[in-house]
1. Out of the stretch 30-62, which residues are closer than 19 Å to ASP85 by Cβ, under 19 Å from the mean Cα position of the chain (by Cα) and among the charged types (D, E, K, R)?
2. If I filter the stretch 64-106 down to residues being surrounded by 13 or more Cβ atoms within 10 Å (Cβ to Cβ) and assigned to a loop (DSSP other than H, G, I, E, B), which single residue comes out as modelled with the lowest pLDDT?
3. Can you tell me which condition MET8 does not meet? The list is (1) closer than 22 Å to VAL72 by Cα; (2) assigned to a helix (DSSP H, G or I), and all the others hold.
Amino acid sequence: MRKNKTYMDKLLTEKGFREKFDQEYQNLCIAEQIAQARHHAHLTQSDLAKRINTTKSAISRYENAGYNKYGVALLSRIAKACGADLKINFVCRESRKKYQKALKLK
């Protein structure tokens, strides 16, 4: 059974929109993972800030999907402070396309 295309499906076929969407989604995922690691370590934003020598407001920014200036050094410090390992994956676009196509067929 084929799924009807939604307005969002149509927007995602536009290259410019798709690129911006993917970047925002990536930022959201990073922010969410920072918050999850902090919660898993039973740390408040203030606790984490002290451990990485920054401010509570900086931690709040890092956990906000609107933040887009993450660096490997910053993410490594956050991971270490939370007792976690930082893992970065590169996903081949071709693999992502096949995965997305498979989802649409379901």
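The values are calculated or read from the model by the stated rules, or taken from the named source; none is laboratory data. These numbers come from a predicted model, not from an experiment. A quick note on method: Cβ atoms are made from the backbone with ideal geometry, for glycine too, and the neighbour counts reach across all protein chains shown.
1. GLU32, ARG38 - these are the residues of the stretch 30-62 that are closer than 19 Å to ASP85 by Cβ, under 19 Å from the mean Cα position of the chain (by Cα) and among the charged types (D, E, K, R).
2. ALA65
3. The one condition MET8 does not meet is (1).
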